[in-house]
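> Dumping the structure here so I can ask a few things about it.
The values are calculated or read from the model by the stated rules, or taken from the named source; none is laboratory data. These numbers come from a predicted model, not from an experiment. Every residue, glycine as well, gets a Cβ built from its backbone with ideal geometry; the counts of neighbours run over all protein chains shown. SASA here: full protein model, heavy atoms, side chains in, ligands and nucleic acids out. Shrake-Rupley method; radii C 1.70, N 1.55, O 1.52, S 1.80 Å.
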Amino acid sequence: MLNAEETTTLLDAFSFIVAEGVEDGTRFQIDVDMTDGRQTWSGKAFITAGQAILDYVGTDWAGGFVPGETVTFVANFKNTGHYMATNAIASISCENNYVTLLNPTIEMGTIDPEGISSCVFTIQIDENCPATEVINVSFAMTADGELNAEGSVTMRNSCNVIFELSDSWGDGWNGASLTVSFDDGTPATNLSCQGNSQTEIIEIGRGTHVTLTWNRGSYDSECSFIVKYESGEVIYQISHPNPGVLHEFDCNCQGSQTGTFNPVENLAAEIGIGTITLTWDEPERAINYIISRNGVEIAQTTDPTYVDEVYTEFFYTYCVVAEYSQGISVPECIVVKSELGVEENETEFAIYPNPVNGTLFVNSGNAEYSYTMYNGMGQVVANGTAKGTEQISVDGMTKGIYFLRLTSGTQVLVEKVVVK
């Protein structure tokens with residue numbers, strides 16, 4: 001019986017399973033009909049299937065190395081899917097004998113959709129390493145569901161300098177040329193444009209003094225060129241060059257300056273009832289702090305503390321970046337899990353079996369409690385109150401990771417449950 005203007009809610013009345021292998025972001029239409037035997041009311045709902053997708057999106061580092069010193073990398077992995085990536089672990093590898101990995105793996109925890117996990121690695125360069133050595137460093141990340149992503153950087157004490165040559169008439173430089181000379185003993189190079197445009201790349205040692213000299217041709221007014229680093233930073237550009245020395249520069253394809261600004265230290269997290277309080281030691285001259293949770297920025301503050309309100313699961317990865325007037329530090333991260341210790345007079349919960357594929361049992365002895373179970377998107381899939389032993393059916397739930405929040409008095413416990 002449904003009276004006029006009355007609204008009713010059907011909890012757990014229907015369920016469905018999305019087949020494995022469905023492409024991330026696929027939308028499904030679900031038709032819903034209600035009838036009283038005489039009339040039928042129709043509606044529809046749209047469901048988006050989501051899965052995590054990991055992509056390597058680049059590495060920040062200083063751009064060069066000094067034998068005998070350490071090098072810091074910040075390898076960035078992004079979750080481009082519509083579902084959180086869980087139990088993410090990042091790793092670094094290098095087969096060069098002059099390199100020692102100081103932290104080969106990092107537990108990064110959870111990465112939310114569109115979140116970026118910035119993984120800080122440090123390596124030691126042997127003091128006997130030649131300054132001309134080329135070193136390949138690889139990064140990888142894995143997560144639940146057989147997710148993985150890979151990327152790499154090549155370390156060298158040189159820069160790829162790009163020369164973009166142009167001729168406005170399109171018939172080349174007609175005898176004109178650009179001489180690129182170096183003070184490190186490398187033979188000079190002559191460049192000349194053939195046709196409308198031409199691009200040349202020269203590898204130049206870091207710190208090398210470079211001189212650009214223009215050699216006259218028949219139609220210099222048609223000629224122009226741009227010199228820049230791979231990052232896009234322009235070193236020099238000119239149209240209608242005059243004969244002689246045009247420009248001189250010291251080659252320095254500076255990287256991101258990663259590691260040159262002091263990060264926060266002693267990052268700690270205290271779990272309260274509905275809150276997580278982050279604290280850290282302030283580095284000197286830091287003016288601001290950027291806080292991210294699961295790879296997504298959530299706040300900025302000038303204080304060395306931040307309180308995050310939490311309502312569901314506590315499996316978070318927090319990172320804090322110190323901001324300075326001229327740049328930012330590498331992130332300092334901490335994985336916050338929800339296993340709270342049992343204190344005196346607190347309820348001891350037993351949750352089994354886990355993983356589960358039928359019925360989940362919760363036992364509190366004889367204590368009263370309430371429970372709420374969430375899926376990875378934060379949606380409630382089961383809730384209620386109980387005393388002693390409670391049975392929670394997971395039949396019809398999609399395989400994956402869920403979070404069970406148990407509340408008994410002022411005690412809050414969140415446990416990860418795997419439905420298989």
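> For the stretch 26-49, enumerate the residues that are at pLDDT 70 or above and either touching a Cys at 6+ places or on another chain (Cβ under 6 Å) or part of a loop (DSSP other than H, G, I, E, B) (or both).
26, 36, 37, 38, 39
> Tell me the residue from 153, 137, 180 that is assigned to a strand (DSSP E or B) and within 26 Å of residue 241 (Cβ to Cβ), please.
180
> Of all residues in the stretch 117-130, how many are part of a loop (DSSP other than H, G, I, E, B) and open to solvent by less than 10 Å² (accessible area, probe 1.4 Å)?
1
> Answer yes or no: is there a residue in the stretch 334-343 that is open to solvent by less than 60 Å² (accessible area, probe 1.4 Å), modelled with pLDDT of 80 or more and not in a strand (DSSP E or B).
no
> Working only within the stretch 273-290, note down all residues that are farther than 15 Å from residue 336 by Cα, surrounded by 14 or more Cβ atoms within 10 Å (Cβ to Cβ) and among the hydrophobic types (A, V, I, L, M, F, W, C).
286, 290
> Got at least one residue in the stretch 156-164 being assigned to a strand (DSSP E or B), aliphatic (A, V, I, L, M), open to solvent by less than 70 Å² (accessible area, probe 1.4 Å) and in contact with a strand residue (DSSP E or B) (Cβ under 8 Å, 6 or more places away or on another chain)?
Yes, the stretch 156-164 contains at least one residue that is assigned to a strand (DSSP E or B), aliphatic (A, V, I, L, M), open to solvent by less than 70 Å² (accessible area, probe 1.4 Å) and in contact with a strand residue (DSSP E or B) (Cβ under 8 Å, 6 or more places away or on another chain).
> Okay, next question. Against the definition (assigned to a loop (DSSP other than H, G, I, E, B), modelled with pLDDT of 70 or more and open to solvent by 70 Å² or more (accessible area, probe 1.4 Å)), how does residue 52 come out, yes or no?
no
> Condition check: out of contact with any Cys (no Cβ under 8 Å at 6 or more places or on another chain), aromatic (Phe, Trp, Tyr) and either more than 30 Å from residue 281 (Cβ to Cβ) or modelled with pLDDT of 85 or more (or both). Does residue 371 satisfy that?
Considered against the rule, which asks whether it is out of contact with any Cys (no Cβ under 8 Å at 6 or more places or on another chain), aromatic (Phe, Trp, Tyr) and either more than 30 Å from residue 281 (Cβ to Cβ) or modelled with pLDDT of 85 or more (or both), residue 371 comes out as yes.
> Among the numbered criteria (1) of a type outside the set (Phe, Trp, Tyr); (2) more than 18 Å from the chain's Cα centre (by Cα); (3) surrounded by fewer than 17 Cβ atoms within 10 Å (Cβ to Cβ); (4) more than 21 Å from residue 231 (Cα to Cα), which one does residue 99 miss?
(3)
> Right, here's the next one. Please note which strands (runs of 3 or more DSSP E) are completely contained in the stretch 257-314 and include at least 1 residues that are at pLDDT below 90 and over 23 Å from the mean Cα position of the chain (by Cα).
Qualifying strands (runs of 3 or more DSSP E): 265-271, 275-281.
> Restrict the check to the stretch 93-111 and report whether at least one residue is modelled with pLDDT under 90, assigned to a loop (DSSP other than H, G, I, E, B) and either touching a Cys at 6+ places or on another chain (Cβ under 6 Å) or closer than 30 Å to residue 15 by Cβ (or both).
No, every residue in the stretch 93-111 fails to be modelled with pLDDT under 90, assigned to a loop (DSSP other than H, G, I, E, B) and either touching a Cys at 6+ places or on another chain (Cβ under 6 Å) or closer than 30 Å to residue 15 by Cβ (or both).
> Another question, if that's okay. Just give me the residues in the stretch 55-82 being charged (D, E, K, R) and surrounded by 13 or more Cβ atoms within 10 Å (Cβ to Cβ), in sequence order.
55, 60, 78
> Moving on to the next point. Counting only residues that are within 19 Å of residue 182 (Cα to Cα) and in contact with a His (Cβ under 6 Å, 6 or more places away or on another chain), which one in the stretch 219-269 is least open to solvent (accessible area, probe 1.4 Å)?
Step by step, filter the stretch 219-269, then rank; the result is 236.
> Among (1) open to solvent by less than 20 Å² (accessible area, probe 1.4 Å); (2) within 21 Å of residue 202 (Cβ to Cβ); (3) in contact with a Pro (Cβ under 9 Å, 6 or more places away or on another chain), which single condition is residue 167 missing?
Looking at each condition in turn, residue 167 falls short on (3).
> Another one. Among the residues of the stretch 390-399 satisfying the criterion of being under 19 Å from residue 369 (Cβ atoms) and surrounded by 12 or more Cβ atoms within 10 Å (Cβ to Cβ), which is farthest from the chain's Cα centre (by Cα)?
Only one residue tops the list, namely 390.
> Looking at this structure, is residue 412 surrounded by fewer than 18 Cβ atoms within 10 Å (Cβ to Cβ), among the hydrophobic types (A, V, I, L, M, F, W, C) and in contact (Cβ under 8 Å) with a residue 60 or more places away in the chain?
yes
> Taking residue 189, is it modelled with pLDDT of 95 or more, within 30 Å of residue 131 (Cβ to Cβ) and of a type in the set (S, T, N, Q)?
yes
> From 114, 146, 133, 200, grab the single residue that is farther than 21 Å from residue 331 by Cβ and open to solvent by 70 Å² or more (accessible area, probe 1.4 Å).
Within the list 114, 146, 133, 200, the selection yields 146.
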